[in-house]
1. Residue check, residue 285 against (1) in contact with a strand residue (DSSP E or B) (Cβ under 7 Å, 6 or more places away or on another chain); (2) in a strand (DSSP E or B), all met but one. Which one?
2. Name the one entry in 234, 213, 248 that is of a type outside the set (Lys, Arg), closer than 30 Å to residue 385 by Cβ, outside the structural domain of residue 22 (by TED's automatic domain parsing) and modelled with pLDDT of 80 or more.
3. Residues in region 379-402 that are touching a Leu at 6+ places or on another chain (Cβ under 8 Å) and either among the hydroxyl-bearing types (Ser, Thr, Tyr) or in a loop (DSSP other than H, G, I, E, B) (or both): how many?
4. Taking the stated definitions as given, is residue 188 within 30 Å of residue 308 (Cα to Cα) and at pLDDT 75 or above?
5. Picking from 287, 321, which residue would you name as being among the charged types (D, E, K, R) and modelled with pLDDT of 90 or more?
6. Given (1) closer than 15 Å to residue 410 by Cα; (2) buried (at least 20 other Cβ atoms within 10 Å of the Cβ), where does residue 277 come up short, assuming only one miss?
Amino acid sequence: MNVRTILHPVRGLWPQKVRTRLTFLYATLFFTAGSALLGLTYGLVAASLPTQPPAGSRVTSQELNKLTQCKLALSPARSRPVPASLLAGCKQAEEAYSAGTAAGLQAQRQRALADLLEFSLAGLAVLTVASGCLGWLMSGRVLRPVRVITETARRASEQHLGERLALTGARDELKELADTFDDMLERLDAAFGTQRRFVANASHELRTPLTVMRTAIDVTLAKPSPTGRQLTEMAARVRHSIDRAESMIEALLTLAVSDQGKLSAEFADLATWAEDAIDAAAPEIKRLDLRVETNLDPAETTGDHQLLERMISNLVDNAVRHNEPGGWIRLRTGISDGAAYLQIANSGPYIPDHAVPSLFEPFRRMEARTGVRDGVGLGLSIAQSVGSAHQATVTARSQPAGGLDISVVIPRDPAASRQ
């Protein structure tokens, strides 16, 4: 039989409710302190009460007649000698008086201490019960916010995250707990809202290429005798839709991996990937006759190669895709204040300042202003997610002449900055 088995029955007797435990603790502490005070008081009173009569108490007040006669007989004014029998009787009377006085004093002392102990114990019992009752009331008042938090947490669900405690009063531990709970509900509400929008947009975006493929196939097969050219055009449309769906799935997978934050820590140079991204976008840059200005100084850091490469590729692709014919792109990398940075700016349609933050949300496009419908709307979302996973700061601002200016600042050692 181990200690846990022995203590199990005792542990079962311990109250389960916090309010009951606090009440029990209040009463126990009061009883302990009161018992100590009672013991101290009893000891001091017992020490202050005499156990022997005072020196002059044996020949005072109302003596026995015999003791009086002895006193007169032993007076110095008496000239005749005192008989021996009288001396013996006087001595016996004096001893009897002293014994009686001591016994009476001891009885009085014991009675006083007994009364003190009796009344003190009764008072201690009454006050202990009173302290328990007051502890029950006060603990209930103090724990009231906890009950509110518990009830709100029970009601909270994916469909009911709009409730807030909004606890008022002094800024104590319970107020901080309630504020923290409100902040958590707000973050959960925002996260669930973002997730719902993301799922709805993803399902819509993935359904679009499937609809295009089905329509192209149905239209072609509805013809009595499809020609080779019609079949080729159908295959081209189907291939384009498949490429679009594949890009969408790949982007979603990249976004999911970066959101998980499970990264490898390898040496990386942003300048190398920036140069590769420009080379990969060269055909589209040539088609739009874009002027590219690069200043690619070494920008060494550590991180996940695949995610960082995809982030830079998306930023370059975004600058090219949402540009205008004959426009420009400026790309810079380097080290500043101990951090690696990448800055990319491009010309293009004007974007209001208030609309810039929304561009980093999944499936948000500015096609109404830019006229560009190509793409899946996840480029900047992936860049933001990858940057956050690497403890980077991603900022974007609109340019007065049109286009965006995006900068990414990554610590030299993101793993250390997460600690």
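1. (2)
2. Details: 234 fails: closer than 30 Å to residue 385 by Cβ; 248 fails: modelled with pLDDT of 80 or more.
Only one candidate passes the filter, namely 213.
3. Here is the first cut: in region 379-402, the residues touching a Leu at 6+ places or on another chain (Cβ under 8 Å) are 379-383, 385-386, 389-390, 396-398.
Now narrow it down to the ones that are either among the hydroxyl-bearing types (Ser, Thr, Tyr) or in a loop (DSSP other than H, G, I, E, B) (or both): 381, 385, 390, 398.
Going through region 379-402 one residue at a time, the tally reaches 4.
4. On the way: within 30 Å of residue 308 (Cα to Cα): yes; at pLDDT 75 or above: yes.
When the stated conditions are applied, residue 188 passes them.
5. The unique qualifying residue is 287.
6. Evaluating residue 277 over (1) closer than 15 Å to residue 410 by Cα; (2) buried (at least 20 other Cβ atoms within 10 Å of the Cβ) leaves (1) as the failure.
Okay, residues lined up against (1) part of a loop (DSSP other than H, G, I, E, B); (2) outside the structural domain of residue 19 (by TED's automatic domain parsing); (3) not small (Gly, Ala, Ser):
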{"site": "138", "(1), (2), (3)": "no, no, yes"}
{"site": "163", "(1), (2), (3)": "yes, yes, yes"}
{"site": "184", "(1), (2), (3)": "no, yes, yes"}
{"site": "195", "(1), (2), (3)": "no, yes, yes"}
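Residues are listed down the side, and each one gets a yes or a no for (1) within 21 Å of residue 277 (Cβ to Cβ); (2) at pLDDT below 80; (3) in contact with a Ser or Thr (Cβ under 8 Å, 6 or more places away or on another chain); (4) outside the structural domain of residue 319 (by TED's automatic domain parsing):
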| residue | (1), (2), (3), (4) |
| --- | --- |
| 359 | yes, no, no, no |
| 365 | yes, yes, no, no |
| 368 | no, yes, no, no |
| 384 | yes, no, no, no |
| 392 | yes, no, no, no |
| 401 | no, no, yes, no |
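The values are calculated or read from the model by the stated rules, or taken from the named source; none is laboratory data. In this text, all values refer to a predicted model and were calculated from it rather than measured experimentally. Quick reminder, even Gly has a Cβ in these numbers, built from the backbone with ideal geometry, and neighbours come from all protein chains shown.
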